[in-house]
Amino acid sequence: MTTNPLAETPTKGLRLLICDDHAVVRAGLLALLASDEAIDVVGEASNGEQAVTLAAQLHPQVVLMDLQLGPGIDGVTATAQITSAPNPPNVLVLTTYDTDADIARAIAAGAAGYLLKAEPPEELFNAIHAAARGHTALFSRPVASRVLAQMRSPSPRLTDREQDILNQLGQGLGNREISRALYISEATVKTHLSRIYTKLGVETRAGAVAVAKERRLLR
């Protein structure tokens, strides 16, 4: 993990906010973080809206943010709202998802780092303390590798609608099924597919899905 060089003296009285929609995960994080006396968990949020509200009220230095948060705004939107406020905390995404699309969206939203839940505890602690000291670009090793690969060979930038259609394509849906699922016309689906094919450099649905899987563009 790229946070190892940042493992300096722990930040005392570090105020941390946790956001995860699974109560069991939050409980596990609380138990884990309790082993670091320098970290003070000042609040828990079970959804994106609550995370935004608590971040404004509790003034944490760091927010641990999950990506998928059930109904309401997702972790990316919550991150964008938190980081756009005056004197915002650093947001560390903590998730199980490591697709290029998710990583890119989180970074674009202002996340200071992107960590995977499979990380060893010491790596998570290092990242939290580093974020509290103002460090950014804190990535799990697999994520860091993907970011570097993306910088060297950028994936095509898809619009949100194109991404939605690509996801449906990856599930094996036909044009009519996609149009019904997304409440758009089949003609619109075809137009977006044409643009997706061009961006991915393919000519068929199967080719688009294959490239999307190779570049981990599917969600």
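Annotation for L30 and A56: the two label points, set 7 Å from Cα along the Cα-Cβ direction, are 2.5 nm apart.
The loop-placed GluC sites (Glu not before Pro) in the range 29-114, going by DSSP, that have at most 13 neighbouring Cβ atoms within 10 Å of their Cβ come out as E37. Each residue in L116, L64 was given a count of other beta-carbon atoms within 10 angstrom of its own, and listing them fewest first yields L116, L64.
When a/c is below 1.5 the answer is rounded, else prolate if a/b is larger than b/c, else oblate, so apply that to the chain with a ≥ b ≥ c taken from the square roots of the Cα gyration tensor eigenvalues. Taking the square roots of the gyration eigenvalues as a ≥ b ≥ c, the chain is prolate. Name the residue from L182, P120, L193 whose Cα lies farthest towards the positive end of the charge dipole of the chain, charges +1 on Cβ of Lys and Arg and -1 on Cβ of Asp and Glu. So the residue we want is L193. Amide H contacts of G72: none lie under 5 Å away among residues 5 or more positions distant or on a separate chain (H built 1.01 Å from N in the peptide plane; Pro and chain starts excluded).
About its Cα centre, the dipole of the chain is roughly 880 debye, where the only charges are +1 on Lys and Arg Cβ and -1 on Asp and Glu Cβ.
In a simple Cβ point-charge model (Lys, Arg +1; Asp, Glu -1; nothing else charged), the range 160-214 has a dipole of about 80 debye relative to its Cα centre. Considering only A130, A181, A104, the mean-square fluctuation computed in a Gaussian network model of the chain, springs between alpha carbons under 10 angstrom, is largest for A181. Ranking V62, L166, A109 by Cα position along the charge dipole of the chain, where only Lys, Arg, Asp and Glu carry charges on their C-beta atoms, puts L166 farthest toward the positive end. Distance between the modelled labels on A23 and E37, one decimal in nanometres: 3.2 nm (7 Å Cα→Cβ projection). Indicate the gyration tensor shape class of the range 9-115 (rounded, prolate or oblate), computed on the Cα atoms with a ≥ b ≥ c the square roots of the eigenvalues: a/c under 1.5 is rounded; otherwise a/b larger than b/c is prolate and the rest oblate. Verdict is rounded for the range 9-115.
Each reported figure results from applying straightforward, stated rules to the coordinates on display, with no laboratory input. Because the structure is predicted, anything quoted here is derived from the model rather than measured. Neighbour counts run over all protein chains shown; Cβ positions are idealised from the backbone, glycine included.
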